[in-house]
Amino acid sequence: MSISELGAYLQRHREERGLTLEDVEQVTRIRKRYLEALEAGNWDALPPGVYTRGLLKMYARALGLKANGVLRMYVKERPSEARLPEPQLISRPLVTEPRVSFETLYSAAVLVLAAALFGWMIVTQLWPRIEASRQPPPAATATAAAAAVAAGQPSPTAEPGGLAVSQQRDTRPTQPPQIRPTARNVVAAPAASATPRASRTPTPASGLQLQVAAEEEDIWIIVRSDGTEVYNNFVRAGDSMRFSAERQIYFKTGRTRATRVDLNGNDVGQLPTTDGASELEWTRAEDGKIVQTDLRDAGGGNEG
């Protein structure tokens, strides 16, 4: 096996998906110079073996390849790397923390002390005032007795508990009270209902709705909504994604034959392609018409 066979394998799969090194760098966060070294088989320009294997795993996953197969090709080219151990994660923490910390105990003690202080204030300050407010003052009872003597009525006798009770009974026949119409008793007649107003039918929201489906195999797409990139990744076979915009949607795919695109519920049909890839843009004009532009053809432009 030649030194560059693994690099050529990675480069061929990247180009089949219509991806550039900049596209892969943006997704994997691997520097472009490392990607170039991987495709050229320039292992001396890469980090030590363990890190190089990590870069190969990330690159393989980004291209939809099996990482184990790529690593076997790498070990076959560099047999010395087969003896390097794989990095392992520590199953248990190096430092064990106590289950109950000092901060937890301190917070609990403060809460208990605050609750005790609040209960003491209720028992010693608030409850006596409530009891005192329930009993009438002695001065009120004496004033009521003096007023009864001045009017020639028998003075009320005080009973235990501080309440004055008069011993004279009223023998006059009682008559049922007459209810006079007051503002509270008068029920206002319901006002005539106003003429019903015509309800307004909400107008449908304008915009662009783009649905992308991967029919036969995984596809790589890039979508920008009103100038902002909203997606740059794979769509797995059999899955679909929906995007929306107010004025403009940009779309790019590297697998035109496996991609189905619907715009505002209508099938776009066969996508224009160049070397297996397609790059389109839809713009909603002021009059409501949708203009489709093929960005791989400088003179392209269709109205929808």
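The values are calculated or read from the model by the stated rules, or taken from the named source; none is laboratory data. Please read these numbers as outputs of a predicted model, since none were measured by experiment. Every residue, glycine among them, receives a Cβ derived from its backbone with ideal geometry; neighbour counts consider all protein chains shown.
Among the residues of segment 222-229, are any at pLDDT 85 or above, surrounded by 16 or more Cβ atoms within 10 Å (Cβ to Cβ) and farther than 18 Å from Leu19 by Cβ? It would help to see each step written out before you state the result.
Here is the first cut: in segment 222-229, the ones at pLDDT 85 or above are 222-229.
Subset that is surrounded by 16 or more Cβ atoms within 10 Å (Cβ to Cβ): 222-225.
Retained after the next criterion (residues that are farther than 18 Å from Leu19 by Cβ): 225.
Yes.
Would you mind finding the one in Gln292, Gln248, Gln270 that is more than 23 Å from His13 (Cβ to Cβ) and either assigned by TED's automatic domain parsing to the domain that holds Glu16 or in contact with a Gly (Cβ under 6 Å, 6 or more places away or on another chain) (or both)?
On the way: Gln248 fails: either assigned by TED's automatic domain parsing to the domain that holds Glu16 or in contact with a Gly (Cβ under 6 Å, 6 or more places away or on another chain) (or both); Gln270 fails: either assigned by TED's automatic domain parsing to the domain that holds Glu16 or in contact with a Gly (Cβ under 6 Å, 6 or more places away or on another chain) (or both).
Exactly one residue qualifies, and that residue is Gln292.
Residues in segment 267-277 that are part of a strand (DSSP E or B) and in contact with a Ser or Thr (Cβ under 6 Å, 6 or more places away or on another chain): there are none.
Regarding Arg197, is this residue at pLDDT below 85 and over 19 Å from Gly64 (Cα atoms)? Yes; evaluated as a whole, the condition is true for this residue. When residues of segment 34-53 are filtered for being at negative phi and either outside any helix (DSSP H, G or I) or surrounded by fewer than 16 Cβ atoms within 10 Å (Cβ to Cβ) (or both), how many remain? Of the residues in that region, 10 qualify.
Yes/no per residue for (1) out of contact with any Pro (no Cβ under 8 Å at 6 or more places or on another chain); (2) more than 22 Å from Ser278 (Cα to Cα); (3) without any contact (Cβ under 8 Å) to a residue 60 or more places away in the chain; (4) not small (Gly, Ala, Ser):
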position	(1), (2), (3), (4)
Tyr9	yes, yes, no, yes
Arg12	yes, no, yes, yes
Arg17	yes, no, no, yes
Val27	yes, no, no, yes
Lys32	yes, yes, yes, yes
Glu36	yes, yes, yes, yes
Gly41	yes, yes, yes, no
Asp44	yes, yes, yes, yes
Val50	no, yes, yes, yes
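Scoring Gln88 on the criteria (1) polar (S, T, N, Q); (2) assigned to a loop (DSSP other than H, G, I, E, B); (3) at pLDDT 85 or above leaves a single failure, condition (3). Selection of segment 4-33 for residues being in a loop (DSSP other than H, G, I, E, B), more than 32 Å from the chain's Cα centre (by Cα) and surrounded by fewer than 17 Cβ atoms within 10 Å (Cβ to Cβ) yields Ser4, Thr20.
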